[in-house]
Amino acid sequence: MYNLVIFGAPGSGKGTYSAQIMEEFGFDHISTGDVLRGEIKNGTELGKTAKQYIDQGQLIPDSLMIDILASVYDSKKGAKGMIFDGFPRTIVQAEALKAMLTERGEKITRTLNLIVKEEELMRRLLKRAEIEGRADDNEETIKKRFAVYENQTKPLIEWFRNEGVLTELTYDGDRAKMDASISAAVKAIL
Ligand code: AMP
């Protein structure tokens, strides 16, 4: 199975490009954010715990996320490819992902790092707040999520580079060009 990680700051387009890749290449998708929002909506114990972190712009503890990820992954066995959207977000999660895949005879095929300027990220997230009404898309929480990204998640770029799986794609304001770059990057791994 192709195991593709979509990586980037909040608002960089991970969800949008996951949808594009699913449609164009028939991959399946795990969005840990969507899984957590589903748990919150259903009022589960996990949802209650997750909400406390999400509303503060903080990360859910690694041990919890790693268990969730493994069970969702196993429930989607047989897919042609899997997109990891929003996971890993820490070095501990990246090591756990690697171990989980190795146990199953799999590996991270590639990581696409979506590079977008912070002003553009903020603009998109505030726009999304109007459209989707996500509780954590307000200016104060967005700033916390950027800080969490800088401190805990961005160091992963070096980790992916060391694993030899990193592809960097920079958005220069031209949406059609970015769409085409994503498509080309996925074609390159098939
Ligand atoms: P997202 O939809 O990926 O932007 O995630 C929304 C929120 O869910 C994040 O700000 C975190 O609070 C939580 N979350 C999602 N994925 C993870 C993860 N891999 N590790 C920890 N927390 C996560």
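The values are calculated or read from the model by the stated rules, or taken from the named source; none is laboratory data. Computed from a predicted model, the values in this text were never measured in an experiment. Please note: Cβ atoms are built from the backbone with ideal geometry, for glycine as well, and neighbour counts cover all protein chains shown. SASA here: full protein model, heavy atoms, side chains in, ligands and nucleic acids out. Shrake-Rupley method; radii C 1.70, N 1.55, O 1.52, S 1.80 Å.
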Consider Thr111 carefully, then state whether it is in contact (Cβ under 8 Å) with a residue 24 or more places away in the chain, of a type in the set (S, T, N, Q) and surrounded by 14 or more Cβ atoms within 10 Å (Cβ to Cβ). yes
Just the residues that are free of Cβ contacts under 8 Å to residues at least 12 places away in the same chain and either of a type in the set (S, T, N, Q) or in contact with a Lys or Arg (Cβ under 8 Å, 6 or more places away or on another chain) (or both), please, taken from region 135-163. Asn138, Asn151, Asn162
Within the set of pairs 6 or more residues apart or between chains, which connect a residue that is open to solvent by 50 Å² or more (accessible area, probe 1.4 Å) inside region 74-99 to a residue that is part of a helix (DSSP H, G or I) and within 10 Å of the ligand (Cβ to nearest atom) with Cβ atoms less than 7 Å apart? Arg89/Gln152; Arg89/Thr153; Val92/Asp62
The correct count of residues that are open to solvent by 50 Å² or more (accessible area, probe 1.4 Å) and in a helix (DSSP H, G or I) in region 175-190 is 6
Can you pull out every residue in region 145-174 that is within 16 Å of the ligand (Cβ to nearest atom) and assigned to a loop (DSSP other than H, G, I, E, B)? Lys154, Pro155
